[in-house]
Amino acid sequence: MFENLQDRLGSILNGLTGRGALSEADVSAALREVRRALLEADVALDVVRSFTDRVREKAVGAEILKSIKPGQMVVKIVHDELIEMLGGEGVGIDLHAAAPVVVMMVGLQGSGKTTTSAKIAHRLSTREKKKVLMASLDTRRPAAQEQLRQLGAQANIDTLPIISGQSPTDIAARAVQAARLGGHDVVILDTAGRTHIDEPLMVEMADIKKRSNPHEILLVADSLTGQDAVNLARSFDERVGITGLVLTRMDGDGRGGAALSMRAVTGKPIKLIGVGEKMSELEEFHPRRIADRILGMGDIVSLVERAAENIDAEKAAAMAAKMAKGKFDLDDLADQLRQMQKMGGMGGIMGMMPGMAGMKDKMAAAGLDDRLFGRQIAIIQSMTKAERTNPDLLKHSRKKRIAAGSGTDAAAINKLLKMHRQMADMMKMMGGKGKGGMMKQMMGGLAGKMGLGGGMGGMGGGMPDLSNIDPRQLEALQKQAEAAGLGKPGGGMPGLGGLPGGLSDLGGAKLPGLGGGFPGLPGLPKKK
């Protein structure tokens, strides 16, 4: 969503960091470009004006202009103000109230209220272990109540039985009563929407609020609607009084202005963001992490959390054992590719790596998009078990059969086999004795540059056991990475320069070899 803004701000701020000293004119010229970039991203005008005024006030000062690295200081000020504009600290759904806690979902038609209601219910039941009841109050849209019932059945969440002829306020009162009798912790009310804001809708929302006394009123807004979403939030807040925002379709190609404006305009926190169609694709909104991504600083914490959720610990342990023996067959390669797909593909992973966001375009130009993974998995699945275990069996006739079965050609198969050989060689180096293996040396060098000591937190040169790291430690790791220069726009990843080949020598195949150790790291918590 923020790619265009990220590119613009990255180039503007890179121009500042490259200079030894900055004049007031330099800062003003850069802020004019920042202002233009934010306006092009559809951020509200008054929000942009307030943002640039605050940055100028802090940036144009003698103590900064005479500092050793004034350009980096300006980047830090922009970063801090971006976090402040997005809300400072992340705020989750507040469940600190007497059960059943009533959560009322409001918004316009088509914004994704019903799906988001089910996603929140799924999140609360799986992560918080809460017993949730969902109720549809939409009596106007055909099959709206049936849609929520089906989503509930899909996610194994209780839904209020449908009784035809009841008004939305009666359904709300019945839902609260049913939740109380059924011992539910949370009741989610999915209210009706309209194609636009009108008086009957606002009156209905106010009546439902009066009857159900909700603890949370969450406005669901489509992040692709830009400034209209900001006006919508203001209207709902004035008439109904919202406690937080949920932005849907944050995985789209919108410009991101709504996300940057809504918190500043309403003063209400963005609590959750929808990042996909699946029931699990709902994330907490962390202003610092979003600001880091916008400025190209990566998001180590979210990357580790995503890995912890998607990686099967048992498979990871089995992979580690094989790696220790220097074994790596084509089935293992397919597992690695699938795990990278689950974590958002190569683009998603690179976007969260500090200083690597700009690599995505170069990778795409080299033919390294996520469709490549799908083709490679299809090739492996077209092989027999014996061929996957022993690729040396693959002679011309077998390759011809596999190409026909996978819809590819012999050249694609040869590229895959070349990549597998390179990765298998890497596995042997990692599992080798000597100085502790290549991966151990690489991670130890990276840890040293981050100020963590050669043992990466005392783990003897390997990656830390991520299952035992709490969020505060992860945040500390992110800050140490930033302090070491890992988080600067365009800063790159120190310690990775020694990898064989480099991007220019990938041949469209070698980079996934990095995933041979990363997606299969041992010590990760099991999937929930």
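List of remarks:
- Annotation for residue 235 and residue 398: the two label points, set 7 Å from Cα along the Cα-Cβ direction, are 6.5 nm apart.
- The Cα-based radius of gyration of region 150-291, divided by its Kirkwood radius, gives an Rg/Rh of 0.97.
- Dipole magnitude for region 162-299: about 340 debye, using +1 per Lys or Arg Cβ and -1 per Asp or Glu Cβ, origin at the Cα centre.
- Estimated inter-spin distance, residue 389 and residue 162, nm [label 7 Å along Cα→Cβ]: 5.3 nm
- Nearest-20 debye value, region 113-230 charge dipole, Cβ charges on Lys, Arg, Asp, Glu: 460 debye
- Here each label is just a point 7 Å from Cα along the line to Cβ, and for residue 89 and residue 325 those points are 5.0 nm apart.
- Whole-number accessible area per residue in Å² for region 255-294, which is evaluated in the context of all protein chains at 1.4 Å: 34 Å²
- Extended-chain gain in nm, criterion 0.36 nm per residue less alpha-carbon gap, residue 414 and residue 143: 92.4 nm
- If R0 is taken as 30 Å, the Cβ-Cβ distance between residue 371 and residue 40 corresponds to a FRET efficiency of 0.50.
- Set the Cα radius of gyration of region 61-197 against 2.2 N^0.38 Å, with N its number of residues, and you get 1.50.
- Taking 0.36 nm per residue of separation and subtracting the Cα-Cα distance, full extension of the segment from residue 25 to residue 207 would add 60.0 nm.
- Long pairs among 130/209; 76/315; 131/278, criterion Cα-Cα beyond 32 Å: 76/315
- Highest-first arrangement of 382-394, 76-88, where packing means the average Cβ count within 10 Å: 76-88, 382-394
- Other-chain or far-sequence residues with amide H under 5 Å of residue 133's (modelled H): 186, 187, 188
The values are calculated or read from the model by the stated rules, or taken from the named source; none is laboratory data. If you're wondering where the values come from, they're calculated on a predicted model, not measured in any experiment. Using ideal geometry, Cβ is built from the backbone for each residue, glycine included, and neighbour counts are taken over all protein chains shown. Keep in mind that these areas ignore ligands, DNA and RNA; they rest on the heavy atoms of the full protein, side chains included. Shrake-Rupley method; radii C 1.70, N 1.55, O 1.52, S 1.80 Å.
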